[in-house]
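Asker: Attaching a single structure in structure tokens format; questions to follow.
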Amino acid sequence: MITPGTSAGARTPKVLLVAHGDPHSNGVCELFLRDLAAHCEPGSLVRYTMIDAPVRERESTWLGFRSVSRGVEHSARPLFSTLTHRRFCRRAAPEIAADIVSLVREERVDLIWIILNSPNAICLADRLVDQAAPLVVTVWDDAEYLASSHYFDRWTSHAMLRSFTRVLQRSCRVAVASDGMAELYASKYNVRGIPLIHGIHPSLWQIGTASSVGKGDYVVGFAGSLHCKREWNAFLAAVADWNRTEARRIRIRFIGRFPRFGVSALPSARLLE
């Protein structure tokens, strides 16, 4: 794998980062990418971003690096998601792949690094494998979860999972979100997943100043993305049973974007987005 650092006198390898999302958001994906890109040398990185909105300026900068953006269709609503994804794979993906190949040649890119954070990104990666430059990928959310969370029909889901398998098996390196995912992908796809986990350096840790809850209600905090909907629903059912019989109630604080479909919510749950 080509790394940002290089020995003295050698040309710094150039990496093209491809992702789906808003480069200026404060979501987990972008925070992760900013921290990684902060270690890259000037001029060693170019970014290509698919954005779920019309793009006013195709060319801009991101953390001082050249950034190219392209607006794409994307939906997570049942039925619409299947139609927009199929249209993307049939029409937009070939154009974007050709655009990226041209950018690779123009910038003399040594390595394409693509974040498989959406079905569109998986479709695009399938077209970029074995083209123009070696490909490395980062997986945070498993493809089966992406298919279910987008409510794809079974044919679209199967097609996306086949693309995901091809991309993993033909990429030079595969970064994954956990040791468990690495073990799963080794047995399922016969690939070596390298756990790449975002963390906070111990020197930046701070002791919390919040006071204890006391003897009132129990407060359970959940922060992040809700992937396991059946487990969440079972948890809420257990909380409801507890609250019907016990004096000290359980209250839930959910910090994040709550799913619109397939999950239960309690009147005592508070959503903080």
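Values in this text are rule-based calculations from the coordinates and carry no lab data. Everything numeric here is computed off the predicted structure, so don't read it as measured data. Here the Cβ positions follow ideal geometry from the backbone for every residue, glycine too, while neighbour counts run over all protein chains shown.
Asker: Would you mind calculating the gained length between E41 and R11 on full extension (0.36 nm times residue separation, minus the Cα-Cα distance), in nm to one decimal?
Answerer: Full extension from E41 to R11 adds 9.7 nm.
Asker: How much of the DSSP beta bridge set in the chain is antiparallel, as a percent to the nearest 5?
Answerer: The antiparallel fraction comes to roughly 10 percent.
Asker: Once the Cβ-Cβ distance between S148 and L63 is put in as r, and R0 is 25 Å, what FRET efficiency do you end up with, to the nearest 0.05?
Answerer: Computed FRET efficiency for S148 and L63: 0.15.
Asker: Right, another one. In deg cm²/dmol and to the nearest 500, what is the mean residue ellipticity at 222 nm of the chain if only DSSP H runs of at least 4 residues count, each as -39500 (n - 2.57), divided by the residue total?
Answerer: So the helix-based figure for the chain works out to -10500 deg cm²/dmol.
Asker: So how do V129, V46 line up by other beta-carbon neighbours within 10 Å, fewest first?
Answerer: Ranked by crowding around the Cβ, least crowded first: V129, V46.
Asker: Radius of gyration and Dmax for region 218-272's Cα atoms, expressed in Å?
Answerer: 11.0, 31
Asker: Let me ask you something else. Using 0.36 nm per residue, how much length does the chain from C172 to F222 gain when fully extended, once their Cα-Cα distance is taken away?
Answerer: 14.4 nm
Asker: Mind checking the alpha-carbon convex hull of region 85-160 and giving the volume per residue in Å³? Can you show the working numbers first?
Answerer: Values: hull volume 5.9 nm³, N = 76.
Enclosed volume per residue, from the Cα hull, is 77 Å³.
Asker: Something else: Just check region 137-221 against the gyration tensor rule for me: Cα atoms, a ≥ b ≥ c as the square roots of the eigenvalues, rounded for a/c under 1.5, and otherwise prolate or oblate depending on whether a/b exceeds b/c.
Answerer: Details: a/c = 3.59, a/b = 1.76, b/c = 2.04.
Oblate, because a/c is 1.5 or more while a/b does not exceed b/c.
Asker: Separate question: Within a 10 angstrom radius of the beta carbon, how do Y48, Y145 rank from fewest other beta carbons to most?
Answerer: Least to most surrounded, the residues fall as Y145, Y48.
Asker: Ok, one more. Can you list residues from other chains, or at least 5 along the same chain, whose modelled amide H is less than 5 Å from the amide H of V191?
Answerer: The answer is A186.
Asker: Local charge sum around L17 (other residues, Cβ-Cβ under 15 Å, Lys/Arg +1, Asp/Glu -1)? Please list the in-between numbers first.
Answerer: Working: positive: K14, R34, R47, R66, R70, R173; negative: D22, E30, D35, E41, D99, E107, D110.
Its environment carries a net charge of -1.
Asker: For R105 and A132 in the same chain, what is the full-extension length gain: residue separation times 0.36 nm, less their Cα-Cα distance, in nm?
Answerer: Taking 0.36 nm per residue and subtracting the Cα distance, the gain is 9.0 nm.
Asker: Using +1 at the Cβ of each Lys and Arg and -1 at the Cβ of each Asp and Glu in region 218-272, identify which of F235, I255, G221 lies farthest towards the dipole's positive end.
Answerer: Positive-end residue among those listed: I255.
Asker: Taking the radius of gyration and the Kirkwood hydrodynamic radius from Cα positions alone, what is the Rg/Rh ratio for the chain, to two decimal places?
Answerer: Value, to two decimals: 1.01.
Asker: Provide the per-residue ³J(HN,Hα) series for region 84-95, in order, calculated from phi with Karplus coefficients 6.51, -1.76, 1.60 and θ = phi - 60°, each as a whole number of Hz, with x at glycine and proline positions.
Answerer: For region 84-95, the Karplus curve yields 5, 5, 4, 5, 4, 5, 7, 10, 6, 4, x, 5 Hz.
Asker: Turning to a different aspect of this structure: For region 49-145, give the magnitude of the charge dipole about the Cα centre (Cβ charges: +1 Lys/Arg, -1 Asp/Glu; no others), in debye to the nearest 20. Before the final figure, lay out each step's value.
Answerer: Details: 12 positive and 14 negative charges, 77 e Å.
Using only the charged Cβ atoms, the result is roughly 380 debye.
Asker: Using just the Cα positions, wrap region 173-212 in a convex hull and report its mean projected area in square nanometres, one decimal place.
Answerer: 4.6
Asker: Under unit Cβ charges (Lys, Arg +1; Asp, Glu -1), what dipole magnitude, rounded to 20 debye, does region 132-242 have relative to its Cα centre?
Answerer: Rounded to the nearest 20 debye, it is 460 debye.
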